[in-house]
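Some notes on the structure that comes next.
The values are calculated or read from the model by the stated rules, or taken from the named source; none is laboratory data. Remember, it's a predicted structure, so these values are computed and weren't measured experimentally. Cβ placement follows ideal geometry from the backbone for every residue including glycine, while neighbour counts extend to all protein chains displayed. With ligands, DNA and RNA removed, areas are computed over all heavy atoms of the protein, side chains included. Shrake-Rupley method; radii C 1.70, N 1.55, O 1.52, S 1.80 Å.
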Amino acid sequence: MAKINDNYLKLKAGYLFPEIGRRVRAFAAANPEAKVIRLGIGDVTRPLAPAVIKAFHEAVDDLATVENFAGYGPEQGYDWLINAIIEKSYKPLGVDLKTEEMFVSDGSKCDCANILDIFALDNVVAIGDPVYPVYNDTNVMIGRTGEADEKGHYKGIVYLPCTEENGFIPALPTGKVDIIYLCFPNNPTGTVASKAELKKWVDYALANDAVIFYDAAYEAFITDPSIPHSIYEVEGAKKCAIEFRSFSKTAGFTGVRCGLVVVPEEVMGTTESGEKYSFNKLWLRRTTTKFNGASYPVQKAAAAVYSEEGWKQNKEIIDYYMENARIIREGLAAAGLTVFGGVNAPYIWLKTPDGLSSWDFFDKLLNECNVVGTPGSGFGPAGEGYFRLSAFGNRDNVIEAVERIKKNLK
Ligand code: MLT
């Protein structure tokens, strides 16, 4: 009989969002009259920008003609998309990238998981707690860890607590680690990191020959001009950081699927025998072997995000979500809750009232307000006693959810 990958059995629970979905479906089935408002998973609700839709349609029409038909594209993405991203998203930050350093994909979640393919299993990995669960679970799945302890921390991973005391920004590891996951603006806490903060991490990585996985999926939601959008705004980062970006939240592509990874040529690792080797070369090899590129219409739609019209229209959509974030943040603070995030990020991280556990607060909100959020403990043990609300709902629902919560907490 074929053997399974036993590492999967080490996973403590099902993936967070399907578990929430299951509970909400059960509640809705038992309470068909309840108008449930979903502010749990960070799924967008605004339609794609008109310029993006137009490009999408045109690309589909291309596929209907002999002249413009497109079959397999370059595995790492079309140059016209990569160059548009570099010009519009990186050049203005003072970051120069080569076309060969960027890889377009079908989404950032897969990229964050797949990148592990090109790193040896005996690398020591550091991740925050709480954290986007994909970082943790994919390291378990690939076999980098032992079993979880009673808290839910897996043996072999270095967990960096992100607490109210440290402003939800972890301290540098005390020992040597080889890979560090950072996510700013942060999911789930909505925290951002200043350039000086990121410099500390880059300096650590350079001093320890470590690689930073920098998840910048939410960079478009930064409103404070002093906050860096890319880790490459920090000197030296091109030698030690791989950056992930996503069109999901930035351009409403959660259902369309497109993301990108930047692997600068200068980011090096060592072979078993101690020679230096470029991760860019390995990632190219992996991509060309295991992936056939994001689809042509999706890449055309993604390119339209960088057109003058598309850029402006998307900005309006982002502003809409950030106004939602303000409504949630200020509404809940007025109701007496302690809230974080929601200023440069589309997530509001709140302390549960009366010392309730994260899941108890989830049940309370669902049962008494018919509002769905995400329990902080689902992002790691240090998230216990916290709760996340997403700003991606539609405005009327957001206003109503805040009103319901305020009334309930009175
Ligand atoms: C979240 O709610 O944390 C995100 O939507 C998950 C994701 O981007 O995969």
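Please list, in order along the range 383-389, the HN-Hα scalar couplings obtained from phi with the Karplus expression 6.51 cos²θ - 1.76 cosθ + 1.60 (θ = phi - 60°), rounded to whole Hz, x for Gly and Pro.
So the J values, rounded to whole Hz, are x, 4, x, 10, 8, 10, 10.
Could you give the nm distance between label points at Ala26 and Ala334, where each point is 7 Å from its Cα heading toward the beta carbon?
Going from the Ala26 label point to the Ala334 one covers 3.5 nm.
Which ³J(HN,Hα) values in Hz, rounded to whole numbers, follow from the phi angles of the range 213-226 under the Karplus curve 6.51 cos²θ - 1.76 cosθ + 1.60, where θ = phi - 60° and Gly and Pro get x?
Result, ordered by residue: 9, 9, 8, 10, 4, 10, 4, 5, 8, 5, 10, 7, x, 7 Hz.
State in Å² the accessible area per residue of the chain; use a 1.4 Å probe, count heavy atoms of protein chains only, and round to the nearest integer. Walk me through the intermediate numbers first.
Details: 18210 Å² over 410 residues.
Per-residue accessible area for the chain comes out at 44 Å².
Compare Lys88, Lys276, Lys12 by solvent-accessible area with a 1.4 Å probe and give them largest first, with all protein chains kept in place.
Working: Lys88 75, Lys276 160, Lys12 130 Å².
These residues rank, largest area first, as Lys276, Lys12, Lys88.
Take the alpha carbon atoms of the range 1-28, find their center, do the same for the range 341-410, and report the distance between the two centers in whole angstrom.
Cα centroid to Cα centroid, the span is 22 Å.
For a quick check, take a GNM of the chain with Cα springs below 10 Å and name the residue from Thr374, Thr145, Thr338 with the largest mean-square fluctuation.
Thr338
Springs between alpha-carbon pairs under 10 angstrom, Gaussian network model over the chain: which of Ala26, Ala113, Ala237 fluctuates most?
Ala26
Check Ile212: other-chain or 5+ apart residues with amide H under 5 Å from its amide H, H built from backbone geometry?
Correct list: Ile180, Ala241, Ile242.
Quick one: in the chain, what % of C-alpha pairs are over 29 Å apart?
Values: 38300 of 83845 pairs.
Summing the P(r) of the chain above 29 Å gives 46 percent of all pairs.
Which peptide among 131-141, 289-299 comes first, and what is the full order, when sorted by highest mean count of other Cβ atoms within 10 Å? All intermediate terms of the calculation are to be shown ahead of the outcome.
Numbers: 131-141: 21.2, 289-299: 17.5.
Highest mean packing first, the order is 131-141, 289-299.
Which ³J(HN,Hα) values in Hz, rounded to whole numbers, follow from the phi angles of the range 172-179 under the Karplus curve 6.51 cos²θ - 1.76 cosθ + 1.60, where θ = phi - 60° and Gly and Pro get x?
Whole-Hz 3J(HN,Hα) from phi for the range 172-179: 4, x, 7, x, 8, 10, 9, 9.
Amide H to amide H, which residues 5 or more places from Tyr386 or on other chains are under 5 Å from it, using H placed in the peptide plane?
Thr352, Ser358, Gly376, Ser377
What is the range 265-410 by shape, rounded, prolate or oblate, if you read a ≥ b ≥ c off the alpha carbon gyration tensor as root eigenvalues and call it rounded for a/c under 1.5, prolate for a/b larger than b/c, and oblate otherwise? Write out the running numbers ahead of the final one.
Values: a/c = 2.95, a/b = 1.65, b/c = 1.79.
Taking the square roots of the gyration eigenvalues as a ≥ b ≥ c, the range 265-410 is oblate.
If you roll a 1.4 Å probe over the range 53-308 with all protein chains in place, what percent of the accessible area is carbon or sulfur?
On the way: 5680 of 10790 Å².
Roughly 53 percent, rounded to a whole number.
Of the DSSP beta bridges with both residues in the chain, give the percent that are antiparallel, rounding to the nearest 5. Don't skip to the end; give the middle numbers.
On the way: 22 of 40 bridges.
Given both bridge residues lie in the chain, the antiparallel proportion sits at roughly 55 percent.
First check a/c for the range 117-273, with a ≥ b ≥ c the square roots of the eigenvalues of its C-alpha gyration tensor; if it is under 1.5, answer rounded, and if not, answer prolate when a/b is larger than b/c or oblate otherwise.
Numbers: a/c = 1.30, a/b = 1.21, b/c = 1.08.
Taking the square roots of the gyration eigenvalues as a ≥ b ≥ c, the range 117-273 is rounded.
Let me have the 222 nm mean residue ellipticity of the chain computed from DSSP H runs of 4+ only, each contributing -39500 (n - 2.57), with the sum over all residues rounded to the nearest 500. Intermediate results must be reported in sequence, preceding the final value.
Details: 11 runs with 136 residues, N = 410.
Dividing the helical sum by the residues of the chain leaves -10500 deg cm²/dmol.
If the cut-off is a Cα-Cα distance under 19 Å, which aspartates and glutamates reach Lys10, setting aside same-chain residues fewer than 8 apart in sequence?
Straight-line reach from Lys10, under 19 Å: Glu19, Asp122, Asp129, Asp137, Glu147, Asp149, Glu150.
Among the lysines, which fall within straight-line cross-link reach of Lys239, defined as a Cα-Cα distance under 27 Å, with same-chain neighbours fewer than 8 residues apart omitted?
Lys88, Lys91, Lys98, Lys109, Lys176, Lys195, Lys199, Lys200, Lys276, Lys281, Lys290
Springs between alpha-carbon pairs under 10 angstrom, Gaussian network model over the chain: which of Gly274, Gly373, Gly143 fluctuates most?
Evaluated over the chain, the most mobile residue of the options is Gly274.
Label the range 1-74 by shape, choosing from rounded, prolate and oblate, from the square roots a ≥ b ≥ c of the eigenvalues of the Cα gyration tensor; if a/c is under 1.5 it is rounded, and otherwise prolate applies when a/b is larger than b/c, oblate when it is not. Walk me through the intermediate numbers first.
Values: a/c = 3.35, a/b = 1.41, b/c = 2.37.
Oblate.
Just going by the charge dipole of the range 266-410, with Lys and Arg at +1 and Asp and Glu at -1 on Cβ, which of Ala294, Ile328, Pro346 is farthest out on the positive end?
Value computed over the given set: Ala294.
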